[in-house]
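The values are calculated or read from the model by the stated rules, or taken from the named source; none is laboratory data. As the structure is a prediction and not an experimental result, all values here were calculated from the model. All Cβ positions, glycine included, derive from the backbone under ideal geometry; neighbour counts span all protein chains shown.
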Amino acid sequence: MAFPALDRAWPVVHFEEIDSTNEEAQRRARLGDRGPVWIQADFHTAGRGRMGRNWASPSGNLCATAFFTSSDPPARTALLSFVAALALHDAVGAARADSRELRLKWPNDLMWEDAKIAGILIETGAIGGGLWVAAGFGVNIAMAPSVPGRRTGRLADLPGGGGVRPLDLLDALDASLRGWLSAFQDHGFEAIREAWKIRAAGLGQRIALSPAHGSLEGIFRDLGPDGALILELDGGDLRHIRAGEISVLG
């Protein structure tokens, strides 16, 4: 089996304050811990997001990392960012009893209209012939910290989101993540890819994309079988983009 203990809820280790739940996962991995476990904190002192950005995690929001192992090869394990994104989308939708208008921005930001309300950071490393995985989730529930150049939102302002509590959302996220990991394990990435596309922001629309070098505009045509964003340029050429930031242009 690629992933352990998918048939029962994973235990939760709680911290009132910690540097980062992903950092704690890495410390556990270095000590030989294999999980699965959720590491949850009320407050981060050194939270971080994708591409080295800081991620503010004030009290009242959800800061949690799923720490587990994978027996899949690294290329397949890298696709877990889409699995985690589906789990987050569905858990937030379940907590609000409404997932309409929630969208996933490639590869794994959760959006309400044009505001980011949650993000995911996946980190991995070698352990005992396999890989450890730290899937960090940061969800703006009570507060929406500002991010330069981006609009942010919080669940408390969304229809049905006023009563969401961090630990209730974590319960929903645990069930959702284990369910999507099981689907990935049993049916492969194609099932994940199709489900992600249904929830995608900007698919079929014109987007601006900032990969590692320069910037591009075109139509977001598809999600590739390796998780790449397939961008159709104005001349008709297709580009497969594997890292970057997108903005939907209308």
Across segment 104-141, what is the total count of residues that are in a strand (DSSP E or B) and either under 20 Å from Glu23 (Cα atoms) or of a type in the set (Phe, Trp, Tyr) (or both)? 21
Residue satisfying all of: in segment 46-95; in a loop (DSSP other than H, G, I, E, B) and modelled with pLDDT of 80 or more; farthest from Ala25 (Cα to Cα) among these: Gly60
For Glu194, which of the numbered conditions (1) farther than 20 Å from Leu121 by Cα; (2) in contact (Cβ under 8 Å) with a residue 40 or more places away in the chain; (3) in the same structural domain as Leu79 (by TED's automatic domain parsing) fails to hold? (2)
Any idea which residue in segment 96-115 is surrounded by the fewest Cβ atoms within 10 Å (Cβ to Cβ), counting only those that are at pLDDT below 90 and not basic (Lys, Arg)? Ala97
Please determine, by comparing only the residues of segment 1-36 that are among the aliphatic types (A, V, I, L, M), part of a loop (DSSP other than H, G, I, E, B) and touching a residue at least 12 places away in the same chain (Cβ under 8 Å), which one is farthest from Ile120 (Cα to Cα). Met1
Residues of segment 173-231 classified as in contact with a strand residue (DSSP E or B) (Cβ under 7 Å, 6 or more places away or on another chain) and under 19 Å from Leu6 (Cβ atoms), total: 3
